[in-house]
Amino acid sequence: MSTRRTAALTFVAAVLLCSTLAVAPRAGRPVRAHECTITANDFAFSPARIDAKQGEILRVAFHAVDIPHTFTIDEYRINKRAAIGQTIVFEFVADKTGTFPIYCSLTADERCRRMKGELVVVKQP
Ligand SMILES: [Cu+2]
């Protein structure tokens, strides 16, 4: 098997493992993702706040309506771009507690700077 093919298969295996881990049972009970849909339209996020508990898997469906927008949270190293009419679905683990700004990082239209939201992650009781 060629090195290139081996590398490709390793990558596929790693991707499959990652997606399996995201929904794998932990401590004997299945982990369900906390699903939220965020719409970006007219230079605003709706809803503008996501509440989560530390350790939750958040599955975000991010939809841009009028122009392309991003869903960006620096502290979580998330920067997802949706084109007009497109919905991007992604997951991440809310492993850090605190309040984290959500914004649009695009610069083509300066009104994107108005777009502000927040992710609030609290400790599990
Ligand atoms: Cu934008």
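The values are calculated or read from the model by the stated rules, or taken from the named source; none is laboratory data. Only a predicted model underlies this, so the values are computations on that prediction, with no experimental measurement involved. Neighbour counts run over all protein chains shown; Cβ positions are idealised from the backbone, glycine included.
When you check T107 against the structure, is it modelled with pLDDT under 95 and either in the same structural domain as K53 (by TED's automatic domain parsing) or assigned to a loop (DSSP other than H, G, I, E, B) (or both), yes or no? Quick ask: steps written out before the conclusion?
Numbers: modelled with pLDDT under 95: yes; either in the same structural domain as K53 (by TED's automatic domain parsing) or assigned to a loop (DSSP other than H, G, I, E, B) (or both): yes.
Here the answer is yes, as T107 does meet what is asked.
For a quick check of your reading: which strands (runs of 3 or more DSSP E) sit entirely within the range 33-97 and have at least 2 residues that are closer than 18 Å to V120 by Cα, hydroxyl-bearing (S, T, Y) and modelled with pLDDT of 95 or more?
Details: elements: 34-41, 44-46, 49-53, 57-64, 69-73, 78-82, 87-93.
By residue number, 34-41.
Could you list, in sequence order, the residues of the range 94-107 that are free of Cβ contacts under 8 Å to residues at least 40 places away in the same chain and surrounded by 15 or more Cβ atoms within 10 Å (Cβ to Cβ)? Give the derivation first.
Going through the range 94-107, the residues free of Cβ contacts under 8 Å to residues at least 40 places away in the same chain turn out to be 98-101, 103, 105-107.
Within the range 94-107, F100, Y103, S105, L106 meet the criteria.
Has the range 63-73 got any residue that is surrounded by fewer than 17 Cβ atoms within 10 Å (Cβ to Cβ) and within 16 Å of the ligand (Cβ to nearest atom)?
Here is the first cut: in the range 63-73, the ones surrounded by fewer than 17 Cβ atoms within 10 Å (Cβ to Cβ) are 65-66.
Next cut, within 16 Å of the ligand (Cβ to nearest atom) only: 65-66.
Within the range 63-73 (the criterion being surrounded by fewer than 17 Cβ atoms within 10 Å (Cβ to Cβ) and within 16 Å of the ligand (Cβ to nearest atom)), the answer is yes, since at least one residue qualifies.
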